[in-house]
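Enquirer: Quick one: this structure, given as C-alpha coordinates, is what I'll be asking you about.
The values are calculated or read from the model by the stated rules, or taken from the named source; none is laboratory data. Not measured: the values here are computed from a predicted model. Don't worry about glycine lacking a Cβ; one is built from the backbone with ideal geometry, like all the others, and counts go over all protein chains shown. Side chains included, ligands, DNA and RNA excluded: accessible areas come from the protein's heavy atoms. Shrake-Rupley method; radii C 1.70, N 1.55, O 1.52, S 1.80 Å.
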Amino acid sequence: MFDVLMYLFETYVQSELDFMVDQDALTDELTRAGFQKPEIYKALSWLEHLATLHDSDEAPEYIACASDSFRVYASEEMLKLSTECRGFLLFLEQIRVLNCDTREIVIERLMELDSPEIELDDLKWVVMMVLFNLPGGENACHQMEELMFEPESVTIQ
(Lines give C-alpha, C1' and ligand atoms only; values in the text may rest on other atoms or scores of the structure.)
Protein backbone atom coordinates (compact mmCIF):
# COMPACT_ATOMS: atom_id res chain seq x y z
CA MET A 1 0.00 0.00 0.00
CA PHE A 2 2.78 2.46 0.87
CA ASP A 3 4.36 1.96 -2.56
CA VAL A 4 1.07 3.00 -4.18
CA LEU A 5 0.88 6.09 -1.95
CA MET A 6 4.44 7.04 -2.86
CA TYR A 7 3.74 6.54 -6.57
CA LEU A 8 0.65 8.74 -6.38
CA PHE A 9 2.44 11.42 -4.38
CA GLU A 10 5.45 11.54 -6.68
CA THR A 11 3.44 11.27 -9.92
CA TYR A 12 0.60 13.66 -9.21
CA VAL A 13 1.54 15.88 -6.32
CA GLN A 14 5.20 16.62 -6.86
CA SER A 15 4.90 16.82 -10.64
CA GLU A 16 1.88 19.11 -10.20
CA LEU A 17 -0.19 17.11 -12.70
CA ASP A 18 -3.94 17.18 -12.30
CA PHE A 19 -5.01 14.44 -9.92
CA MET A 20 -7.61 12.21 -11.53
CA VAL A 21 -10.89 12.05 -9.67
CA ASP A 22 -12.20 9.06 -11.56
CA GLN A 23 -11.19 6.17 -9.31
CA ASP A 24 -11.78 3.57 -12.03
CA ALA A 25 -9.38 5.29 -14.43
CA LEU A 26 -6.86 5.81 -11.63
CA THR A 27 -7.16 2.16 -10.59
CA ASP A 28 -6.59 1.07 -14.20
CA GLU A 29 -3.53 3.31 -14.47
CA LEU A 30 -2.09 1.97 -11.21
CA THR A 31 -2.75 -1.61 -12.33
CA ARG A 32 -0.87 -0.91 -15.58
CA ALA A 33 1.97 0.51 -13.46
CA GLY A 34 2.23 -2.91 -11.77
CA PHE A 35 0.30 -2.47 -8.55
CA GLN A 36 -2.19 -5.06 -7.28
CA LYS A 37 -5.84 -4.00 -6.90
CA PRO A 38 -6.11 -4.77 -3.14
CA GLU A 39 -3.12 -2.47 -2.48
CA ILE A 40 -4.58 0.19 -4.77
CA TYR A 41 -7.93 0.13 -2.94
CA LYS A 42 -6.20 0.35 0.46
CA ALA A 43 -4.12 3.33 -0.70
CA LEU A 44 -7.12 5.15 -2.15
CA SER A 45 -9.08 4.55 1.04
CA TRP A 46 -6.10 5.86 3.06
CA LEU A 47 -6.02 9.04 0.95
CA GLU A 48 -9.79 9.50 1.20
CA HIS A 49 -9.57 9.28 4.98
CA LEU A 50 -6.74 11.84 4.98
CA ALA A 51 -8.87 14.21 2.90
CA THR A 52 -11.80 13.66 5.27
CA LEU A 53 -9.65 14.60 8.27
CA HIS A 54 -8.64 17.87 6.60
CA ASP A 55 -12.05 18.73 5.15
CA SER A 56 -14.00 18.18 8.35
CA ASP A 57 -15.48 21.34 9.88
CA GLU A 58 -15.34 19.80 13.31
CA ALA A 59 -12.01 18.67 14.75
CA PRO A 60 -11.89 15.05 15.93
CA GLU A 61 -12.01 14.60 19.69
CA TYR A 62 -8.38 13.49 19.93
CA ILE A 63 -7.17 16.78 18.45
CA ALA A 64 -8.41 18.81 21.41
CA CYS A 65 -5.04 19.22 23.11
CA ALA A 66 -3.18 22.11 24.68
CA SER A 67 -0.12 23.43 22.86
CA ASP A 68 2.10 22.57 25.85
CA SER A 69 0.79 19.01 26.13
CA PHE A 70 3.03 15.96 26.13
CA ARG A 71 2.14 12.96 23.95
CA VAL A 72 1.93 9.56 25.68
CA TYR A 73 1.91 6.75 23.12
CA ALA A 74 -0.39 3.74 23.36
CA SER A 75 1.25 0.32 23.39
CA GLU A 76 0.17 -0.37 19.77
CA GLU A 77 1.72 2.91 18.68
CA MET A 78 4.95 2.13 20.51
CA LEU A 79 5.17 -1.23 18.75
CA LYS A 80 4.66 0.34 15.33
CA LEU A 81 6.63 3.56 15.86
CA SER A 82 10.24 3.10 16.94
CA THR A 83 11.93 5.37 19.46
CA GLU A 84 13.62 7.05 16.49
CA CYS A 85 10.24 7.76 14.86
CA ARG A 86 8.68 9.05 18.06
CA GLY A 87 11.73 11.22 18.68
CA PHE A 88 11.52 12.64 15.18
CA LEU A 89 7.85 13.50 15.69
CA LEU A 90 8.78 15.35 18.89
CA PHE A 91 11.58 17.15 17.02
CA LEU A 92 9.11 18.23 14.32
CA GLU A 93 6.85 19.67 17.01
CA GLN A 94 9.75 21.48 18.67
CA ILE A 95 10.74 23.20 15.41
CA ARG A 96 7.05 23.91 14.68
CA VAL A 97 6.74 21.82 11.54
CA LEU A 98 3.97 19.94 13.35
CA ASN A 99 1.62 21.08 16.07
CA CYS A 100 -0.42 18.79 18.31
CA ASP A 101 -3.22 18.70 15.73
CA THR A 102 -1.07 17.72 12.77
CA ARG A 103 0.96 15.33 14.93
CA GLU A 104 -2.20 13.42 15.77
CA ILE A 105 -3.24 13.28 12.12
CA VAL A 106 0.22 11.96 11.19
CA ILE A 107 0.09 9.30 13.92
CA GLU A 108 -3.42 8.27 12.90
CA ARG A 109 -2.35 7.93 9.25
CA LEU A 110 0.80 5.99 10.24
CA MET A 111 -1.23 3.55 12.30
CA GLU A 112 -3.45 2.88 9.27
CA LEU A 113 -0.51 1.76 7.13
CA ASP A 114 -0.32 -2.00 6.75
CA SER A 115 3.34 -2.20 7.87
CA PRO A 116 4.02 -3.82 11.27
CA GLU A 117 6.76 -1.24 11.94
CA ILE A 118 7.25 2.18 10.39
CA GLU A 119 10.64 3.19 8.98
CA LEU A 120 11.82 6.76 9.62
CA ASP A 121 11.86 7.54 5.88
CA ASP A 122 8.27 6.31 5.57
CA LEU A 123 7.27 8.52 8.50
CA LYS A 124 8.83 11.53 6.76
CA TRP A 125 6.82 10.86 3.60
CA VAL A 126 3.59 10.53 5.56
CA VAL A 127 4.34 13.85 7.25
CA MET A 128 4.85 15.38 3.79
CA MET A 129 1.54 13.96 2.56
CA VAL A 130 -0.33 15.27 5.60
CA LEU A 131 1.24 18.73 5.39
CA PHE A 132 0.72 18.95 1.64
CA ASN A 133 -3.00 18.28 2.10
CA LEU A 134 -3.28 20.79 4.92
CA PRO A 135 -4.74 24.17 3.95
CA GLY A 136 -2.23 26.84 4.95
CA GLY A 137 0.50 24.27 5.59
CA GLU A 138 2.84 25.52 2.87
CA ASN A 139 5.52 26.82 5.27
CA ALA A 140 5.54 23.61 7.32
CA CYS A 141 5.61 21.55 4.11
CA HIS A 142 8.58 23.57 2.85
CA GLN A 143 10.43 23.05 6.15
CA MET A 144 9.76 19.32 5.91
CA GLU A 145 11.07 19.23 2.34
CA GLU A 146 14.27 20.89 3.56
CA LEU A 147 14.62 18.28 6.29
CA MET A 148 14.15 15.47 3.79
CA PHE A 149 16.20 16.68 0.86
CA GLU A 150 18.73 19.12 2.33
CA PRO A 151 19.13 18.14 6.01
CA GLU A 152 22.38 20.05 6.46
CA SER A 153 20.81 23.36 5.37
CA VAL A 154 17.91 23.36 7.83
CA THR A 155 17.72 26.29 10.20
CA ILE A 156 15.75 25.89 13.38
CA GLN A 157 13.46 28.85 14.01
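Enquirer: So which of Glu93, Glu104, Glu117 is in contact (Cβ under 8 Å) with a residue 24 or more places away in the chain and open to solvent by less than 90 Å² (accessible area, probe 1.4 Å)? First the steps, then the outcome.
Expert: Values: Glu93 fails: in contact (Cβ under 8 Å) with a residue 24 or more places away in the chain; Glu117 fails: open to solvent by less than 90 Å² (accessible area, probe 1.4 Å).
From the options Glu93, Glu104, Glu117, the qualifying one is Glu104.
Enquirer: Next question, about the same structure. Out of curiosity, is Met111 open to solvent by 40 Å² or more (accessible area, probe 1.4 Å) and in contact (Cβ under 8 Å) with a residue 24 or more places away in the chain? First the steps, then the outcome.
Expert: Values: open to solvent by 40 Å² or more (accessible area, probe 1.4 Å): yes; in contact (Cβ under 8 Å) with a residue 24 or more places away in the chain: yes.
Yes, satisfied.
Enquirer: Identify, please: which residue in segment 51-82 is at pLDDT 95 or above and outside any loop (DSSP other than H, G, I, E, B) and is, among those, farthest from Asp121 (Cα to Cα)?
Expert: The residue in question is Ser75.
Enquirer: If you don't mind, another one. I need the full set of residues from segment 8-47 which are assigned to a helix (DSSP H, G or I), open to solvent by 40 Å² or more (accessible area, probe 1.4 Å) and at pLDDT 85 or above, in order please.
Expert: If we filter segment 8-47 for residues that are assigned to a helix (DSSP H, G or I), which is where we start, we get 8-13, 23-32, 37-47.
So of that shortlist, the ones also open to solvent by 40 Å² or more (accessible area, probe 1.4 Å) come out as 10, 23-24, 28, 31-32, 37-39, 41-42, 45, 47.
Those that are assigned to a helix (DSSP H, G or I), open to solvent by 40 Å² or more (accessible area, probe 1.4 Å) and at pLDDT 85 or above: Asp28, Thr31, Arg32, Lys37, Pro38, Glu39, Tyr41, Lys42, Ser45.
Enquirer: Can you tell me which of (1) open to solvent by 40 Å² or more (accessible area, probe 1.4 Å); (2) part of a loop (DSSP other than H, G, I, E, B); (3) modelled with pLDDT of 90 or more is the one Leu98 doesn't meet?
Expert: Result: Leu98 passes all but (1).
Enquirer: Tell me which of these His142 doesn't satisfy, since it passes every other one: (1) open to solvent by 80 Å² or more (accessible area, probe 1.4 Å); (2) free of Cβ contacts under 8 Å to residues at least 12 places away in the same chain; (3) assigned to a loop (DSSP other than H, G, I, E, B).
Expert: (3)
Enquirer: Also: Looking at Gly87, is it open to solvent by less than 90 Å² (accessible area, probe 1.4 Å), under 15 Å from Val4 (Cα atoms) and at pLDDT 90 or above? Break it down into steps so the answer makes sense when it comes.
Expert: Values: open to solvent by less than 90 Å² (accessible area, probe 1.4 Å): yes; under 15 Å from Val4 (Cα atoms): no; at pLDDT 90 or above: yes.
Considered against the rule, which asks whether it is open to solvent by less than 90 Å² (accessible area, probe 1.4 Å), under 15 Å from Val4 (Cα atoms) and at pLDDT 90 or above, Gly87 comes out as no.
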